[in-house]
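Accompanying notes for the structure given below.
All of the numbers you see were taken from the coordinates with simple rules; none came from a lab. Remember, predicted model here, so these are calculated numbers, not experimental data. Reconstructed Cβ throughout: ideal geometry from the backbone, glycine too, with neighbour counts over all protein chains shown.
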Amino acid sequence: ASGKIYVGKEVFDLIKNKKMPKGDPLSIAEVSGINGVKKTSELIPLCHPLSLDHISIHTEINEAKNAITVYCLVSANSKTGVEMEALSGVNSALLAIYDLSKIVEPNLKITNTKLLIKSGGKKGLWTNPDGIPEKIKSALNI
């Protein structure tokens, strides 16, 4: 799953240079994203608690757009998918960035949260019709 947060130039420069007043939003976003994945069944009604095999949160900064993209990869050997866990992880990470950045600029925009790819389950492989970034394809060997 992935999602974006758009920040102003001042916030972007502070994040990039690790000068934010409340700490490094990207490091905190990684921890928050992992917690978001693990707590999904507590947050989303009817989501089953799952034994997860892998969680990773990655951030990518886009200086031209003053944006940060968050990616979340989750895997489990289970009868049900982990797409809700991946989406929860992305949103938790984005909200952590928002929380640590609002002190400098509260006009932040979270957008484009979406599932990129899902494999396994009853339907097998599903890929987002809008496409998957090359770096994600490469990381997943597809």
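Observations, loosely collected:
- A helix-only calculation puts the chain at -11000 deg cm²/dmol for mean residue ellipticity at 222 nm, using -39500 (n - 2.57) for each DSSP H run of at least four residues, averaged over all residues.
- Where Rh is the Kirkwood radius over Cα pairs, Rg/Rh for the chain: 0.99
- Sequentially through the range 17-33, phi angles give Karplus couplings (6.51, -1.76, 1.60; θ = phi - 60°) of 8, 6, 10, 5, x, 9, x, 7, x, 6, 5, 5, 4, 5, 5, 4, x Hz, Gly and Pro residues having no value and appearing as x.
- For the chain, excluding the exposed loop sites themselves (trypsin sites (Lys or Arg not before Pro), DSSP loop, at most 16 other Cβ atoms within 10 Å), the longest remaining stretch covers 40-78.
- Remark: the range 78-85, residue by residue, has Karplus-estimated 3J(HN,Hα) of 8, 7, 10, x, 10, 5, 5, 5 Hz, where x stands for each Gly or Pro and the curve is 6.51 cos²θ - 1.76 cosθ + 1.60 at θ = phi - 60°.
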